[in-house]
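Asks: The structure's right below; bear with me while I get my questions together.
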Amino acid sequence: GVVGFASYSQNSWNYPPQSFYVNVEVLPEYQYQGIGSALYNQVIEGLQGFSPPALRADAFTNLPQGFAFLQKRGFYEAFRETPVHLDVTTFNPGPYADLEPKLNSQGIFIKTVAELRSDPDRDRKIYELYCAVEEDVPHEGEGIVKPDFDDWLGWGLNDPSILQDAYLIAVHGDDYIGLRELGSYSGHKVLLGGLLGVRRDYRKRGIALAMQLRNIAYAQQHGYRLLKDCTAIQNSPMQAMFDRLGFRRDPEWQQCQKDLE
């Protein structure tokens, strides 16, 4: 039988650029026997021809042995995020009933991507909004690389996992001012939240909260049980919103790095 496995991979949005993601997993009852070390060494051997500047790997706070394994091999924690989840079957939206009507009275409306299909500039406007919002999300490094528009269409808007009737855009007149990515894996009653953000000059009006509430309502109406999300530990406004809505925190995700240059 299989008792462990290892892999390495790379994609266009790896950070640092040209780095590789490595993964080593061993069944608990077979750990501490040198199997993980042997698998890791095989991965390192396979990477020799690529000369990457760094390696990346994941650890989680509920599995401290994983972080210890990485530390022993020269990895350090480079970034940390908090995964959260909400059981939507028990959520009561009553206290927030006045929020969206209040926004509507200011000329701000929340639309789905599907509802905006008649706008000939829809995709380009969502792309520009995505890039603007992404700049203000906590991230590593000095800056972020703006994705190619055509590439983004494939993975950011038209990927099969993205729900076109649940991906939300906040609009004010003809302007797109906020967005909320939402997707789902086929066969699973779980919604997965992606980027949630609002343009700087429209913040502190409850727009992000209203979009999150729309997500919860969509989940309830379509038979989903859980809404899962994730945010950087230093993103205190988003952390506060999750707490306010009753999201439960899962073990923190440690994104680890080993510098090779």
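The values are calculated or read from the model by the stated rules, or taken from the named source; none is laboratory data. Since the structure is predicted, the reported quantities are computational estimates derived from the model, not experimental observations. Heads up, the Cβs are rebuilt from the backbone with ideal geometry, glycines too, and the neighbour counts pull from every protein chain shown. Quick note on the areas: whole protein, heavy atoms, side chains included, nothing else; ligands and nucleic acids left out. Shrake-Rupley method; radii C 1.70, N 1.55, O 1.52, S 1.80 Å.
Asks: How much net charge surrounds Val171 when only the other residues with a Cβ under 15 Å from the Cβ of Val171 are counted, with Lys and Arg +1 and Asp and Glu -1? Mind dumping the intermediate values first?
Replies: Working: positive: Lys111, Arg117, Arg122, Arg124, Lys125, Arg180, Arg199, Arg205, Arg214; negative: Glu100, Glu115, Asp119, Asp121, Asp123, Glu128, Asp174, Asp175, Asp201.
Residues near Val171 contribute 0 overall.
Asks: To the nearest 500 deg cm²/dmol, what mean residue ellipticity at 222 nm is calculated for the chain from DSSP H runs of n ≥ 4 alone, each contributing -39,500 (n - 2.57), summed and divided by the residues? Intermediate values should be presented prior to the final figure.
Replies: Numbers: 7 runs with 70 residues, N = 261.
That comes out to -8000 deg cm²/dmol.
Asks: Hey, can you find the accessible area per residue of the chain for me, probe 1.4 Å, expressed in square angstrom?
Replies: Values: 14460 Å² over 261 residues.
Here the per-residue accessible area is 55 Å².
Asks: Continuing with the same structure: Taking Cα atoms, how many degrees apart are the long axis of helix 35-46 and the longest axis of the chain, rounded to 10 and kept between 0 and 90?
Replies: That works out to roughly 80 degrees.
Asks: Report, ordered by chain and residue number, the aspartates and glutamates lying within cross-link reach of Lys72, taken as a straight Cα distance under 14 Å and ignoring same-chain residues fewer than 8 apart.
Replies: Excluding near neighbours in sequence, the set is Asp259.
Asks: With a cut-off of at most 10 other beta carbons within 10 Å, and DSSP calling the residue loop, which trypsin sites (Lys or Arg not before Pro) in the range 184-261 qualify? Please list them. It would help to have the intermediate numbers written out before the result.
Replies: Details: sites: Lys189, Arg199, Arg200, Arg203, Lys204, Arg205, Arg214, Arg225, Lys228, Arg244, Arg248, Arg249, Lys258; in loops: Lys189, Arg199, Arg203, Lys204, Arg205, Arg225.
Hits after loop and neighbour filter: Lys204.
Asks: Please report, as a whole percent, how much of the solvent-accessible surface of the chain comes from carbon and sulfur atoms (probe radius 1.4 Å). Before the final figure, lay out the partial values.
Replies: On the way: 7290 of 14460 Å².
Ligands and nucleic acids excluded, carbon and sulfur reach 50 percent.
Asks: Which links in Lys146/Lys258; Lys189/Lys258; Lys204/Lys258 stretch past 30 Å when you go from one Cα to the other?
Replies: Values: Lys146/Lys258 25 Å; Lys189/Lys258 36 Å; Lys204/Lys258 39 Å.
Over 30 Å apart, Cα to Cα: Lys189/Lys258; Lys204/Lys258.
Asks: Roughly how tilted is helix 207-221, in degrees to the nearest 10 and between 0 and 90, from the longest Cα axis of the chain?
Replies: 80 degrees
Asks: Rank Leu27, Leu116 by accessible area, highest first, at a 1.4 Å probe radius?
Replies: So the residues, ranked largest to smallest area, are Leu27, Leu116.
Asks: If you take every DSSP beta bridge whose two residues both sit in the range 1-132, what share of them, in percent to the nearest 5, is antiparallel?
Replies: Taking every DSSP beta bridge with both residues in the range 1-132, the antiparallel ones total about 75 percent.
Asks: Using a cut-off of 11 Å between beta-carbons, work out the net charge of the residues near Val84 (Lys and Arg +1, Asp and Glu -1, Val84 not included).
Replies: Numbers: positive: Lys228, Arg248, Arg249; negative: Glu81, Asp229, Asp243, Asp250, Glu252.
Once all neighbours under 11 Å are counted, the net charge is -2.
Asks: Of the labelled options [x] 37, 22, 17; [y] 26, 23, 17; [z] 35, 24, 17, which one gives semi-axes √(5λ) of the Cα gyration tensor in Å as computed for this structure?
Replies: [x]
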